[in-house]
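A short worksheet on the structure shown next.
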Amino acid sequence: MTAFSLEPAQLAWCAELRALAAERLRPLAEKGEPGRVNRPLVTELGRLGLLRRVFASGALDLCLMRESLARACTEAETALALQGLGAHPVHAHGTAAQRARWLPGVTDGTAVAAFALSEPGAGSDAAALELTAHPDGPSHADGTAHPDATAHPDATAHPDTTAHPDGTGRWRLTGEKCWISNAPEADFYTVFARTTPGAGARGVTAFLVPADRPGLTGRGLDMLAPHPIGALDFDGVPVTSDDVLGKVDRGFRVAMGTLNLFRPSVGAFAVGMAQAALDATLAHTARRGAFGGTLRDLQAVSHQVAEMALRTEAARLMVYAAATAYDEGATDVPARSAMAKLLATETAQYVVDTAVQLHGARALRRGHLLEHLYREVRAPRVYEGASEVQRGIIAKELYARQEAR
């Protein structure tokens, strides 16, 4: 199989996913409250086995799932994707105990996960995050504080998952996270915090933080997109070496590895929305009367529809190519992932906007498919790396490749 031609079994699976989304998931989505976690919807995703497949499949399968669900029910697509994004670091870097504790609940839809990277002052520049993991060693018998033994003399990453020479590895998290999907209603968070001051990307550690830890509070944010997004406040939240995902000071690798997997699938989400808008436009322009015929008879309209289809298919192929490169372990995954997300999200914005224009005022009415897609399509150009960040990644990779020749 190549990246550019799906096999019959894959095409049949995509059709099955679209049917499931329309028949079983959309009714649950319609009963949900905008801006809140729809737990019945998440549970149904688990019951259908789709959440388990997120962790058992490769990047291409993930893209096919997200594209197919998005064509019929964006809420179901987003609920599935957020479970994968929040729990993938546990799946890929967690200890046996961490995986056993949390992944069964994630895959059966009874535990909601969240990926907590962004901060008010560290969005696109994730290495600049300021949520701090302060050392919190045990006290001596005389009641004095344990000396701070976290900093290595050379400020490099620690070779294991503990920060203290006595092996305790205890910290207190202090700071804020913002724009976190599923917050503040998630059951646990993959949290990225600074363990070594002044070390940039090399001083960040990933922690698995259950939502019931003392000192952790949150609030929802009223956003344009209908899925839940919130802010989290950490007031001395206790964590230990048992909560570390991967290694101390190596958390940025955990974050970037997760984003490299999910960026092409953000593109797949965008392609699914673009295809839904295109499908609606084809149906509308074929039946809507205008000037003695239908809209499709007007060259200005038919050419716009052709452009929508052209861009959607080009984006789809780039997403599939990036996902296949990831599955094959190619060396150019960061650039391909960035290209796929950039092209697909920008394309979806164009296609949905054009679809609204061709539908006219009816598309602006609350409850119309395109009104819904118009609100949904804007955010993917910002989250998991804004379009400008993706262009920076692409350029960096191109120049690095040129210099290596």
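The values are calculated or read from the model by the stated rules, or taken from the named source; none is laboratory data. Just so we're clear, the structure is a prediction, and the values are computed from it rather than from any experiment. Reconstructed Cβ throughout: ideal geometry from the backbone, glycine too, with neighbour counts over all protein chains shown.
Quick one: is Ala348 surrounded by 16 or more Cβ atoms within 10 Å (Cβ to Cβ), among the small types (Gly, Ala, Ser) and modelled with pLDDT of 95 or more?
When the stated conditions are applied, Ala348 passes them.
If you take the residues of segment 152-182 that are farther than 17 Å from Gly251 by Cβ and not in a strand (DSSP E or B), which of them is modelled with the lowest pLDDT?
Pro153
Condition (residue is buried (at least 24 other Cβ atoms within 10 Å of the Cβ), aromatic (Phe, Trp, Tyr) and either in a helix (DSSP H, G or I) or touching a Pro at 6+ places or on another chain (Cβ under 9 Å) (or both)) applied to segment 101-116: is it met by at least one residue?
Yes, the conditions are met somewhere in segment 101-116.
Does segment 206-244 hold any residues that are within 19 Å of the chain's Cα centre (by Cα), part of a strand (DSSP E or B) and surrounded by 16 or more Cβ atoms within 10 Å (Cβ to Cβ), and which are they?
Those that are within 19 Å of the chain's Cα centre (by Cα), part of a strand (DSSP E or B) and surrounded by 16 or more Cβ atoms within 10 Å (Cβ to Cβ): Ala206, Phe207, Leu208, Val209, Ile229, Gly230, Ala231, Leu232.
Of the residues Gly392, Gly367, which single one is closer than 24 Å to Leu259 by Cβ and either free of Cβ contacts under 8 Å to residues at least 24 places away in the same chain or touching a Gly at 6+ places or on another chain (Cβ under 7 Å) (or both)?
Criteria check complete, one pass: Gly392.
Glu185 fails exactly one of the following numbered conditions: (1) charged (D, E, K, R); (2) at pLDDT 95 or above; (3) closer than 28 Å to Thr78 by Cβ; (4) out of contact with any Lys or Arg (no Cβ under 9 Å at 6 or more places or on another chain). What is the number of that condition?
Glu185 satisfies every listed condition except (4).
I need every pair where a residue in segment 201-223 that is closer than 15 Å to Leu117 by Cβ has its Cβ under 7 Å from the Cβ of a residue that is of a type in the set (A, V, I, L, M) and surrounded by fewer than 18 Cβ atoms within 10 Å (Cβ to Cβ), sequence separation at least 6 or different chains.
Ala201/Ala127
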